[in-house]
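First up is the structure itself, then whatever we jot down about it.
FYI, it's all coordinate maths here, none of it is from the lab. Computed from a predicted structure; not experimentally measured. So basically every Cβ, Gly included, is an ideal-geometry build from the backbone, and we count neighbours across all protein chains shown.
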Amino acid sequence: MQQENTSIYIIGLGVAEENNQTYLSTAAQQALQNSSIVIGSERQQQLIAHYLRPEQALLDYPSPFSELKRLLQQHSQRQITVLASGDPLFYGIGTWISQHFQPNQYYFYPNISSIQVAFARIKQAWQTATIISLHGRALVSLRPQLRNRGWYALLTDQYSQPQQIAAELIQQGFGQSKLWICAALGTEEESVQAFDCQSLSQTTQTFHPLHVTLVYTQGKAYYLPSFAGIEDRHFETGRLAGKGMITKKQIRLAALSLLQTEHNDIAWDVGAGCGGMAVEWAYWHLHSQLYAIESHPERLNYLEINRQKFGVVKNLQIVTGIAPQALDSLPNPDKVFIGGSNGAMLDILAYCWHSLNTAGCIVISCVTEESQYEVRQFINGINKNAVKNGLDPQTMMQVEQLSLAVSHAEDLANKTIMRPQLAVQLIKISRKLPVIHLETETMI
């Protein structure tokens, strides 16, 4: 922990305006003037050179960047300015600073971001735009955020260059999209170029490393959904389309409705199969962290294929192993879906229930009478132990059960019949109070 008198001023720099200089607010100017040390790149130091005093020490960002913590600690008795681009709290150094220092030790002075300037250059309002950083992230992570007729601003790296972005848009069915490459904004090298997907994907042009890619999507996605309910045929299972080990669409939607996943939830999908449930779950909840637990080698293979196909590589992690043992290293969940138990339903339920965060829930998909019986056996065990400990079972657990019998239309001798699928029971158990830890054998 840093000393309490440390004062770090994180000043965001806008694009250069005149004479390769940038404008700072009065408050930012005063913070800069009060600093004895200024840390930033050579380019950043040039932008604010007209504000500097001769006696101020100018230091470059250390390499590796992790050395910045040591550098700030070394000068903890002095006031320090750290230069950043635009808004330091928008994909900037602000998060790093807040992780290493107390809130009363640092102060932020944001400026105009390159994204604001880029939209201004093409004269487009950007309040509805989706801002995505692909820096250090796989290009496929763009997929779950693509919607038709949407504005996007993309911050990129060497693995997500404009040509690659255009090719990805074409591959996903958005080949009619328009793109603008806004490069070196505020410098003598500034350029803003408009492209269609086809021409951009085929160009050999090299773009300035400092650029923002703006996109207006047009087209119809080949398989990426714009509303909940991914078609079964779009999941890779190694068998006929939609016929492999996945939770089918109607059951999946009902289960997701019961789970009611919230922002930043931690969730487990136990017995994930080829990923029908886990992938759709992750697709609509990009700010939750999901763990898909599976042990079968072939299903694991297709689980990863579907994870990549739908671009949920950031928020869906595959865990190889058999539950409940494979759950040991995972963070406690807010939501759990049990799609398969491999004959260990009671043990898995007991482990998940004891791991579940307060106000969390478990949804179990049951096809066989045996699995339903085991779930009921578990619930009865919890209720009995609640009574034994002088508690009202209703304050411990809430139970909801839904029976789904889905039929699909098929042709038979030029007539239409409804072919019933296996009925599925979805049982939801929700925790109301913190769990009372009891021996598993006393619960069943």
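General remarks:
- Annotation for Q164 and A423: the two label points, set 7 Å from Cα along the Cα-Cβ direction, are 5.2 nm apart.
- Pairs from K309/K335; K249/K428; K314/K335; K249/K415 whose Cα-Cα separation, in the structure shown, is over 22 Å: K309/K335; K249/K415
- Mean sequence separation of contacting Cα pairs (under 8 Å, at least six apart), scaled by the length of the range 232-442, corresponds to a relative contact order of 17 percent.
- Net charge, A386 excluded, C-beta distance under 14 Å - Lys, Arg +1, Asp, Glu -1: +3
- Tilt relative to the chain, helix 369-388 - C-alpha long axis, 0 to 90 degrees, to 10: 80
- Reference-scaled alpha-carbon Rg (2.2 N^0.38 Å with N residues) for the range 116-216: 0.98
- DSSP bridge orientation in the range 324-444 - percent antiparallel, rounded to nearest 5: 85
- Computed E for K123/Q260 - FRET, C-beta separation, R0 45 angstrom, nearest 0.05: 0.60
- Rounded to 0.05, the FRET efficiency of the A27 and Q73 pair, given R0 = 30 Å and the Cβ-Cβ distance, is 0.70.
- Compared with the rule-of-thumb size 2.2 N^0.38 Å for a compact globular protein, the range 322-415 has a Cα radius of gyration ratio of 1.38.
- Rough spin-label spacing in nm, given labels placed 7 Å along Cα→Cβ, for L330 and R239: 2.3
- With eigenvalues of the C-alpha gyration tensor scaled by 5 and rooted, the chain, Å: 50, 32, 16
- Gain on full stretching of the segment that runs from Q99 to Q377 - 0.36 nm per residue minus C-alpha separation: 95.5 nm
- Take the Cβ atoms of N389 and D157, set R0 to 60 Å, and the FRET efficiency comes out at 0.60.
- Translational diffusion of the range 232-442, estimated by Stokes-Einstein from the Kirkwood radius over alpha carbon pairs at 4 °C in a medium of 1.567 mPa s, is 73 µm² per second.
- Entry note, the chain: relative contact order of 10 percent, from Cα contacts under 8 Å with a spacing of 6+ residues.
- For the peptides 409-415, 139-145, the ranking by mean Cβ contacts within 10 Å, running from highest to lowest, is 139-145, 409-415.
- The mean sequence distance of close C-alpha pairs (under 8 Å, at least 6 residues apart), as a share of the length of the range 1-90, puts its relative contact order at 47 percent.
- The DSSP beta bridges internal to the range 232-442 are antiparallel in roughly 55% of cases.
- Histogram of C-alpha separations across the range 7-112, 10 Å bin width, %: 15, 54, 29, 2
- Bridge type composition, the chain - antiparallel percent by DSSP, nearest 5: 50
- Annotation: lysines with alpha-carbon distance below 21 angstrom to K388 (same-chain offsets under eight excluded): K432.
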